[in-house]
Amino acid sequence: MKSMTGYGKAVVCDGELELTVELKSVNHRFLDVATKASRIISAHEDVIRSVIGRYVVRGHVDVFVNYRLLTDSDKKVSVDVGLARGYAEAAKTLREEFPQLHDDFTVTSLMKCAEVLSLEQEPLKEEQLRLLLEKGVSECCVMLDQMRCAEGEKLKEDILKKLGVLRELISQAEKSSSVVVENYREKLTRRIEEALKEVQLDQSRLANEVCFFADKCCIDEELTRLKTHVENAEKIIAQSGAVGKKLDFLVQEFNREANTICSKSSDVQLTQTALDMKNEIEKIREQVQNLE
């Protein structure tokens, strides 16, 4: 059981090239990888996605990659002689046209002209870069995975605790519902007697009314389903791998049953218990949203 939130960093080198890789993951409905690196690195994004896919099932992962050459620089300065000649001839024309102006055009000035000088770099060795990138992302994913597992254990403990509270609330609701019908019978009997006074109470009609009320407010099925959902949630949490989507579906079922209990309830205590259920279910939902 893992959280979708984590961070990992790794620095790898092979004597010629050094890569610094950082991964940061947050919640997301599915696996979404965003690479933030130079064009040279981004060209090998397939390697990055492939490695991350071995460790991460769900979550948005930002990837940061920087590289540094450890050998002498292989950058070269090139001169566009033809373009430089054009600038020099243009300067000569302007000097002849405006002799009264001071001429400070020098070689240094010429070097500053646009595109006269250009910086070229030998491309990195493709296979060397791919192998080092795979190693760096793998080491980073191990650290990321460790953090996600550690956070997942904390979430697991918290969710199980909240499921325990929900189980207690279900027991409270069972106790409240068991006396709701009898309370209704007594209250209805008292009202009829106060209203009709000396008229004899029709027990059969009273029984029919109570039965109708009992059927209308019965929440036995909802409570049974809630208990089953709690048991299923605990079984899912005990599983390995990505369980976030399964638990998210169960939480929706929790809410459906709690809402039905609220709508059926005519008892203040039972209604309050159902509202407490909804509050606890919402807390569970918030934690489940963080699970892979």
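The values are calculated or read from the model by the stated rules, or taken from the named source; none is laboratory data. Keep in mind that what you see is a predicted model, and the values were worked out from it rather than measured. Because the Cβ atoms are built from the backbone with ideal geometry, glycine has one as well, and the counts that use them run over all protein chains shown. Keep in mind that these areas ignore ligands, DNA and RNA; they rest on the heavy atoms of the full protein, side chains included. Shrake-Rupley method; radii C 1.70, N 1.55, O 1.52, S 1.80 Å.
Here is the figure for region 102-119: residues that are at pLDDT below 85 and exposed (fewer than 10 other Cβ atoms within 10 Å of the Cβ) total 1. Starting from region 124-136, take each residue that is more than 14 Å from Val65 (Cα to Cα) and list its partners that are charged (D, E, K, R) and open to solvent by 100 Å² or more (accessible area, probe 1.4 Å), counting only C-beta distances under 7 angstrom and pairs at least six apart or across chains. Cβ pairs passing all conditions: none. Would you pick out the residues in region 11-30 that are open to solvent by less than 60 Å² (accessible area, probe 1.4 Å) and among the hydrophobic types (A, V, I, L, M, F, W, C)? Answer for region 11-30, where residues must be open to solvent by less than 60 Å² (accessible area, probe 1.4 Å) and among the hydrophobic types (A, V, I, L, M, F, W, C): Val12, Leu17, Leu19, Val21, Leu23. Total residues in region 279-292 satisfying the condition of being open to solvent by less than 60 Å² (accessible area, probe 1.4 Å) and either within 18 Å of Arg256 (Cβ to Cβ) or assigned to a helix (DSSP H, G or I) (or both): the figure is 5. Quick check: anything in region 80-90 modelled with pLDDT of 85 or more, small (Gly, Ala, Ser) and touching a helix residue (DSSP H, G or I) at 6+ places or on another chain (Cβ under 8 Å)? There is at least one residue in region 80-90 that is modelled with pLDDT of 85 or more, small (Gly, Ala, Ser) and touching a helix residue (DSSP H, G or I) at 6+ places or on another chain (Cβ under 8 Å). If you scan region 237-250, which residues turn out to be open to solvent by less than 40 Å² (accessible area, probe 1.4 Å), among the aliphatic types (A, V, I, L, M) and either within 16 Å of Val57 (Cα to Cα) or modelled with pLDDT of 95 or more (or both)? Selection gives Val243, Leu247. When each of Lys227, Lys216 is tested for being charged (D, E, K, R) and modelled with pLDDT of 90 or more, the lone residue that passes is Lys227. For region 39-51, the set of residues classified as surrounded by 14 or more Cβ atoms within 10 Å (Cβ to Cβ) and acidic (Asp, Glu) consists of Glu45 only. Of all the residues in region 257-273, those that are crowded, with 17+ Cβ neighbours inside 10 Å and at pLDDT 90 or above number 3. Applying the condition of being farther than 14 Å from Asp62 by Cα and among the charged types (D, E, K, R) to region 1-48 and asking which residue is farthest from the chain's Cα centre (by Cα) yields Glu16. Being assigned to a strand (DSSP E or B), open to solvent by 80 Å² or more (accessible area, probe 1.4 Å), modelled with pLDDT under 90 and more than 13 Å from Val137 (Cα to Cα) holds for only one residue in Lys36, Lys76, and it is Lys76. Within region 158-175, identify whether any single residue is over 30 Å from Asp220 (Cα atoms) and modelled with pLDDT of 85 or more, and answer yes or no. So far as region 158-175 goes, no, none of its residues is over 30 Å from Asp220 (Cα atoms) and modelled with pLDDT of 85 or more. Considering only region 127-168, state which residues are among the small types (Gly, Ala, Ser) and surrounded by 20 or more Cβ atoms within 10 Å (Cβ to Cβ). Selection gives Gly136, Gly152.
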